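All remarks here apply to the structure that follows.
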Amino acid sequence: MALYVLLGLAALFSLRAVTAWRYGFFLMILLAAVQDPLRKLVPGTPGWLVLITAPVFLATVLGAVLRTRGWWPLFKRAYPQVGNALLMLILLCVPAAILSATYGPGSWMLTVLGAFSYASIFLAVITGFHFPRDPKSVRKLLVVYCLAHGVMLSGAVLEYYEVFPAMQVIGTKAMGFEWMRWGSGYTVDMLAGFYRSPDVMGWHAAAVCMLSLVLGLAGKGKGRWGWIALSGLAIIALMLCGRRKMVYMLPVFLLALVWIYWQAGRAGRMVAMLGLLLIPVGSVWLVSDQLSEESANVRYYSGEGLKFSAMESIQGQGFGAVVETYKQSGVLGEGLGVATPGSHNLKVARPRVWQESAPSRIMVELGVPGTLGFLLVMIGIVLALWRTTIKQLRTRSQSAPYAAGLFAFFLANVGSLTVSGQILADPFIAAFLGILVGVVLSLVRFQAPKANGPSRAV
């Protein structure tokens, strides 16, 4: 029954997304929220169900292309450097595509999977660029995401306190295994709640925490305190997931946000902003106190959990892995899709690879030419995000808090992906990141200074 519900929702949402593509973003969010608990009710919990949001995303992109005049030309005109770099990247990926498609019978599936993985991110950026009609539509998108997944994060608390121990939709027993991490003299239970894995729950917990902060900083009146409170509550699930790379996204986000405001000459705004940020930061102390100093979770995130610093992880899993990949695979790499998350399920001829971080995966799949092309695209996007965000802040537009917050959110994810890119196996997460990047780039259309009168916040 659960399988038919998932397939039915995917079909209905896809049809709606084609006819009204902006609704497709919201439907993707809702389907991503319920896909894992429903999947746990399907016998065998088939792995291909992780792709259930992909048809909705593709339908949304198709609807946007069909109903947006100048879908590509308008984006390329607004950001010619990014557009030209994307076209160059396509050409530079041709050798990698040919290589993976010619390993043997069926290896073309690796090429298709890899192409979809990379293309979905950039298709999401361009489609996200066309999404906002005004700053309120940006807020609405974030509100729906934070509320939908904020509710789903309650599963972490239910699992921790074993409120419904027999419920199949809570935890990972339905997936056939349990996640644990061993420390020196202790073990950490890595909780997933309603989600299929601690990684996925940890990412959503971090995202809800950060994006709720954005809503709080951009809001007015008493309504902002609700978002600050939701951000603090999301930290509970974040602490329980047992994934440091997800937990450390939060300090990167906060540091990036303060740095962006400082560079924009908005030091006065930083004082009020820091006051709001102390609330969710304080909830970290509260959660740690409730778990007690002897808690394995607390010991894991502090003390022994800091043996390997963030910089050492970035060096080893990121840049060091890129150099080692080049030494092993040469200039052309191993081919498109060979290291794409989920490709191990394809029973086709392929080389063995070990790359996990996003930089090393790009190197092994695209080789030196494709990696340089990808780097040019990313540099273009980062520079475009920077210019757009700084301009929004300096003109004090209504969109400024969203631009700054979403840019900081992007930087926090880049830091996490540098260590491990496995989370991009979830099509929704990959698309959602691209959508939010496109949303920030679209804010060049809303450059009018903020009105002096009060504005309503959702």
**Too-long pairs where the Cα-Cα distance tops 26 Å, listed order kept, from 140/391; 222/391; 140/245; 173/245** = 222/391; 140/245
**Asked** Which listed residue (252, 364, 104) has the Cα farthest towards the positive end of the charge dipole for the chain, taking +1 on Lys and Arg C-beta and -1 on Asp and Glu C-beta about the Cα centre?
**Response** 252
**Request:** Compute the Rg to Rh ratio over segment 1-67 from the alpha carbon atoms, using the Kirkwood formula for Rh, and round to two decimal places.
**Result:** 1.01
**Asked** Relative contact order for segment 1-67: what is it in percent, counting Cα pairs under 8 Å that are at least 6 residues apart?
**Response** 48
**Message:** Through the Karplus equation 6.51 cos²θ - 1.76 cosθ + 1.60, θ set to phi - 60°, convert the phi angles of segment 17-24 into ³J(HN,Hα) values in whole Hz; use x for Gly and Pro.
**Reply:** 5, 5, 7, 9, 5, 5, 5, x
**Message:** Out of the chymotrypsin sites (Phe, Trp or Tyr not before Pro) in segment 349-400, which ones are loop residues according to DSSP with at most 13 other C-beta atoms within 10 Å?
**Reply:** 354
**Request:** Calculate what fraction, in whole %, of the accessible area of the chain sits on carbon and sulfur atoms when a 1.4 Å probe is rolled over the protein chains.
**Result:** 67
**Fill in**
hull vol. (C-alpha, convex hull) per residue for segment 4-120, Å³ -> 125
**Asked** Quick one: how many Å² of residue 167 are accessible to a 1.4 Å probe, rounded to 10?
**Response** 80
**the chain, helix-only ellipticity at 222 nm - DSSP H runs n ≥ 4, -39,500 (n - 2.57), divided by all residues, nearest 500** = -22000 deg cm²/dmol
**Message:** Looking at the chain, identify the longest residue range that excludes and avoids all trypsin sites (Lys or Arg not before Pro) in DSSP loops having at most 10 other Cβ atoms within 10 Å.
**Reply:** 70-219
**Prompt:** About its Cα centre, how strong a charge dipole does the chain have in debye, to the nearest 20, once Lys and Arg get +1 and Asp and Glu get -1 at the Cβ?
**Reply:** 1960
**Request:** Please report the relative contact order for the chain, taking Cα pairs under 8 Å with a sequence separation of at least 6, and give it as a percent rounded to a whole number.
**Result:** 23
**Asked** Using the heavy atoms of the protein chains alone and a 1.4 angstrom probe, what is the accessible area of the chain per residue in square angstrom?
**Response** 44
**Message:** Please list, in order along segment 253-265, the HN-Hα scalar couplings obtained from phi with the Karplus expression 6.51 cos²θ - 1.76 cosθ + 1.60 (θ = phi - 60°), rounded to whole Hz, x for Gly and Pro.
**Reply:** 4, 5, 5, 5, 5, 5, 4, 5, 5, 5, 5, 7, x
**Once exposed loop GluC sites (Glu not before Pro) are cut out (DSSP; at most 12 other Cβ, 10 Å), longest piece of the chain** = 295-458
**Prompt:** For the chain, what is the per residue volume of the convex hull drawn over the alpha-carbon atoms, in cubic angstrom?
**Reply:** 149
**Message:** Quick query: amide H of residue 397 versus all other amide H atoms, modeled in the peptide plane; which residues come in under 5 Å with a sequence gap of 5 or more or a different chain?
**Reply:** 450
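The values are calculated or read from the model by the stated rules, or taken from the named source; none is laboratory data. Since we're looking at a predicted model, the values are computed, not measured. We place every Cβ from the backbone using ideal geometry, glycine too, and count neighbours over all the protein chains shown. The area values use the complete protein model at the heavy-atom level, side chains included, leaving out ligands, DNA and RNA. Shrake-Rupley method; radii C 1.70, N 1.55, O 1.52, S 1.80 Å.
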